[in-house]
Every structure is written in C-alpha cells, then in structure tokens.
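The block underneath contains the structure these notes are about, expressed in structure tokens.
Rule-based calculations on the coordinates, nothing more; no lab input. Note that this is a predicted model, so its numbers are computed, not measured. Note that each Cβ is placed from the backbone with ideal geometry, even for glycine, and that neighbours are counted across all protein chains shown.
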C-alpha cells in the first residue's frame, strides 16, 4: 500500500485558538442588516453560548438561517470544543430525523420559523433563539472557564449535498479548519482591513471555510446576509465596503442577470472566490465589477484542490497539487493525457477520462461521521477517490468531465457530460444547461439536455441546429437527441444540479421536449 502523506505543520493552530485571539479586538467584526458588533462583543456572545453548548453533553445541531445567532453558536462551539452539526433546512420528516440521530445531536438550536419542522422528529431538547426565553438566557450565563481544545477535536459535521446519494456528514476537525483559515488568509493576501461578504448558506462548508474562517484568522469584518440576493449584491458591496466575496454554484450568473450600469465597477470588491462558475461568467463578472475572480475545484472533504493559474486555457480547472492524478478505476493506472484534433475535439475520451484521485491525501481526509462504509469507499488503496471525472492535456491543465455517473454511451462510444455542457453553454439563448443520459433500447443511451432560456428568448430549432453545425469541436455522438425546456434546473440550496431528478423523470414530464430527427428539432407531442 502506498505511504500516506500529510501536509500538517508540527504545531497546528486550532480554530478555537484563532477565535480566542479575537477576544480583545475592538474593531468591527460583524455587520448584519442595521446592527454591528466588535470582535470583543462577538467573542463575549460566543463564550456564553460555549457554556450552553458544554452543558448539552453532546453534539449541538444548528438548524438556523444565516444570522448573528448562527455565528455566535458556531464560534461558541469552537471555544467549547463541542462538535456542531449543520442541519440542512431543505431536509424534511424522516430524512431530517435521520440526520439528527445519525450525528448524535444532544441539543438542537433553531428559530421559530423552523420549529414546526422539528416537531415529533427526535427526542432531543431544543433552544429557539428568537424567543424572549433564549434572549435572556445567554445574557444571564456566566462564561465558564473553557477547556483546551486539541487539533484532533471535531469542530463540525457538515453534510454533503446529496446530489447522487444520501448526504454524508463530513468530519472537520479543529486543526483542519484552523489550517484552512490560515491558508486562505495567506494565499489570498487577506488582512484585517478586508470585509468578507457571507451570503452563502452557513450550513454549507463554503460559507464556513471560504468566508467565516479567513475572517476570523485576519480579524477582518464579516458582512452577513440572511439570504443571497442578486439585486442586493452590489448595493451591499458598496454599503459595507465588501472586498471579498465567496460563492458556490450560480451566484455570479444571477448577479450578471441584473441589468448592467455604467458605474458597476465603482466598488471596493477585490476578490470573488468560489467554484463551479462557468467560463463566460468568470470573465464577465471580473470585467463588469473590476475584481479578480478565483474559481477553483475543491472537495468538501478537503483533500483535493485544483487551482486556476496564469495561462490556464478557457474551460480548464487549472492545475493540481502534487499527488493528484487521473486514475482508471479498473486498472488503478494513471490515465494518459488527452489528445485533441485541430478543432479542439477530444479524441481519446475513453482512455483519457478517469476519476480524480489524491494519492497523497488519505491522511488529510478525516472521514464521514458514523459511516465506515462510505469512508472506506472514498479511501481505497491508500488513496482518496473524489467521485469526479476529469482529463488532462499535455501541458498538465485539467478539465472537469462530470460525476462518476456522468458517463454516456451512445452507439458504443463513451464520453462524459461536462464537455458537452461546456459546448452547449456557448449558445447565447441558453442560461443554464445540464446534460445526462436517457436509456435507449437500440444505442444504449441518448443525450438529453435540460436547458433554461434567457429572458424573452424562445427555443428556435433552426437557429440551434445552425449553432451546432458551427461548433468545430462537437463530438460525433454529442448532438443532443432531446432538448428539454425547463423553468429552472433542480438544485441543492448551494446550487448544485441534481441530475438524478432529471434522469428519473426522463421523458415523463410536462416540460416541452424537442427531439432531433432528420437534421432538425421538432416538438414532441404527448
């Protein structure tokens, strides 16, 4: 078995240490709506909740919207060394009950708008933060002495998005989050003068690791918003002096859909950092708002990263860190580099596309809580397997090819969904594209593309056919057999497309479906 490698320093700073270091800081730490708190005030509130968290006698489940209480409880649990469980508010009934019991919650912290969702689900005591009883309770609590928190102590359990299977609770230790906070600070050149705009849902790792953690490490300011608003984005940036914005999924696209004004670049924003934005949105957002967009690939589990660097070709994820390679899951051999024709079409997809694997990262993966089967599936051969597909060109640049169930096989030819999606995204009337396989008795799979249309645009079969003909890198089997027009793609709260929903419905939908036949697309009749 290959040796395990780790990049942890001899002394790891814990997230609790970073939080505690802000206790005497009188600079503004948090802005929320019309209220603000200094770091000294934030840490005082966190210490009171740390006392409550320790009294719970186990894990604390947070079932909260973005807001000050959510931040106070997160930081308080860090100081107390009590693991927090970020519960997904889109889960309901038996699924939500399973999440609570699976992660051993001993206390649920919620708010009045969500208490009905918890009724009768689990025999776990709860606190409702927006009631007089809770408002008075932290104020009456004397912050007790806090324990030493070691780097191995679990800080959080954050559920995966569950786009392909039941969500899994990713373990994040105090040491890992402390390391992420410092790395984010140092890699991005962030300082105490930066203002971090946290609008992604706080139950997701993006808000915690890309927004809150580096703000704590720098002593900068957090501008917190209850929910993301495309129309409210630029006014908020100007109002709070935002310099750093973290995102995941489609927020750049949503902001760009707001009508442009000549002075949009007149704002303090320096960096937009996230993942899963498309190439067109990355460049347009940077141009329009006068900032740098850093869009990278990173796993929630924390061991795999791909970063765009100067010279990264259009459509590429950039380059990988040492030890990250593309592996053929059947042979366990590294896949050969991709070959392209003169038009940029991928010639050797079957051999070049494999799974993204970190051969040096098994020690960095801290496991899925209470799920040894899923942990064992991710760590095999001493390597961590991402479940994502990719290929690399001769220069070492990486290209995303989809999830490991995003393969299509049409007329005996295998290819991945993501390259087809990137090509279809060039068609200006489309604002969103998801490509997936639908079964066919004769050729194995057919290509279906679910698309959303730009405002005031309708699907023009002749124009789309001409667009396809003009694409020099269109694979011979890539032409979608079916175009499904949807109002919006099914997504998780963090904007990941749920393709299994699209596959399951396939043709069984009231959505208009156009079928390619005899060189053109015609609307199917029920």
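The table below lists the values:
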quantity	calculated
Tensor-based shape of segment 243-370 (alpha-carbon gyration tensor, a/c under 1.5 rounded, otherwise prolate or oblate)	oblate
Diffusion constant of segment 407-523 at 4 °C, which comes from Stokes-Einstein with the Kirkwood Cα-pair radius and 1.567 mPa s, µm²/s	89 µm²/s
Relative contact order [Cα under 8 Å, 6+ residues apart], the chain, whole percent	11 percent
Between 0 and 90°, nearest 10: helix 279-289 axis offset from the chain longest Cα axis	50 degrees
√(5λ) per eigenvalue of the Cα gyration tensor, the chain, largest first, Å	40, 26, 24
Peptide ranges 169-181, 475-487, 503-515, 72-84 listed from the most packed, as the mean C-beta count within 10 angstrom indicates	72-84, 169-181, 475-487, 503-515
Cα pair distances of segment 313-403 binned at 10 Å [whole percent]	17, 46, 26, 9, 1, 0
For the chain, calculated [θ]222 nm from helices alone, where every DSSP H run of n ≥ 4 adds -39500 (n - 2.57)	-7500 deg cm²/dmol
Kirkwood Rh, angstrom, segment 296-364 [1 / mean 1/r, Cα pairs]	13.4 Å
Those residues of segment 467-504 whose amide nitrogen sits under 18 Å from the label point placed on residue 347, 7 Å along Cα→Cβ	472-477
Sorted peptide list for 351-362, 307-318, criterion being average Cβ within 10 angstrom, highest first	351-362, 307-318
Between segment 471-490 and segment 182-197, the alpha-carbon center distance in angstrom	40 Å
Helix axis angle, 230-240 relative to the chain longest principal axis, alpha carbon, degrees	40 degrees
On Cα atoms only, tilt of 174-188 relative to the major axis of the chain in degrees	60 degrees
FRET efficiency for residue 35 and residue 469, using Cβ-Cβ distance with R0 set to 51 Å, rounded to 0.05	0.35
Cα centroid separation, segment 37-85 to segment 109-133 (Å)	16 Å
Separation of the residue 122 and residue 148 label points, Cα + 7 Å toward Cβ, nm	3.2 nm
Length released on extending from residue 524 to residue 95, taking residue separation times 0.36 nm less the Cα-Cα span	150.8 nm
